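Beneath this line is the structure, given in structure tokens, with notes to follow.
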Amino acid sequence: MAEAAAVVAESLAGYRARAARAVLEQVVLPGEELLLPGQEDGEGPGSAGERPLRLNAGARSRGRVVCGPGLRRCGDRLLVTKCGRLRHKEPGSGNGGGVYWVDSQQKRYVPVKGDHVIGIVTAKSGDIFKVDVGGSEPASLSYLSFEGATKRNRPNVQVGDLIYGQFVVANKDMEPEMVCIDSCGRANGMGVIGQDGLLFKVTLGLIRRLLAPDCEILQEVGKLYPLEIVFGMNGRIWVKAKTIQQTLILANVLEACEHMTADQRKQIFSRLAES
């Protein structure tokens, strides 16, 4: 046990000095400290011309750095908190910095403010609905959080209904709160989802892939059958086609696409198109 602990400690100590640009699109482990090039500081670990990533904007800072999921700010350092691939998005101005995050394959959803999710109404308590969103606790949804809802004109929401909405309150110290309207008071596609269709769950990584602007999977799926589909950032997908058979085929294809290569997807879609 002591030898194994020494090996783990030695490996983590070696990881802490890795530069961020050297590990982009590579797997990072919790406890690693990220370094950025071009920031001159004689102190701190790292090779010449590198120092721990500074998040406080100073005179020598080239650009603003934003921490995404899987990264934590610890003083003026940036530490990895999840195991996954390190991603980076350049800012529009091109002055350096940008957004760093860890793309991890997790199934447990943690509510984030602004996320659009699919929830299931589990209880009705006075003027508040309790909605299961797959997190550690249910979210609350007021009956006034629907378009056109008033004290006299209440929305028709029953226990067991599917709700598509977004979070307005989501932090570790408060209960998550959902709404089904945007900042202008419009539903904008949110609200109670239809009774028909199929709801299934996938990994959060697949959801992010499907919601990417250049996702080829959705383009190929849309050519198979006419369909209605709703994606929730909490890993839930609701899909509806003309027939039950088509709905089940679409659900199975979307679940299997996570572990398929591009060539395998083309073969599957070509077979389905012929049949």
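The values are calculated or read from the model by the stated rules, or taken from the named source; none is laboratory data. Worth saying up front: this structure is predicted, and the values here are computed from it rather than measured. When we count neighbours, we look across all protein chains shown, and the Cβ atoms used for this are built from the backbone with ideal geometry, even at glycine. Heavy atoms of the whole protein, side chains included, go into the accessibility calculation; ligands, DNA and RNA do not. Shrake-Rupley method; radii C 1.70, N 1.55, O 1.52, S 1.80 Å.
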Inset, instruction - Please specify each residue of segment 183-229 satisfying the condition of being under 15 Å from the mean Cα position of the chain (by Cα) and under 21 Å from Val131 (Cα atoms). - result: Lys201, Val202, Thr203, Leu204, Ile207
Inset, instruction - Go through Val202, Val253, Val221 for me and flag whichever is at pLDDT below 90, open to solvent by less than 30 Å² (accessible area, probe 1.4 Å) and touching a Leu at 6+ places or on another chain (Cβ under 8 Å). - result: Val221
Legend entry - Candidate set: segment 114-138, residues that are more than 19 Å from Val230 (Cα to Cα) and at pLDDT 90 or above; chosen: the one least open to solvent (accessible area, probe 1.4 Å): Phe129
Legend entry - Conditions (1) open to solvent by 30 Å² or more (accessible area, probe 1.4 Å); (2) under 30 Å from Ala123 (Cβ atoms); number of the one not met by Cys180: (1)
Inset, instruction - Take segment 226-248 and flag every residue that is crowded, with 17+ Cβ neighbours inside 10 Å and either under 17 Å from Arg271 (Cβ atoms) or of a type outside the set (A, V, I, L, M, F, W, C) (or both). - result: Gly232, Asn234, Gly235, Arg236, Lys240, Gln246, Thr247
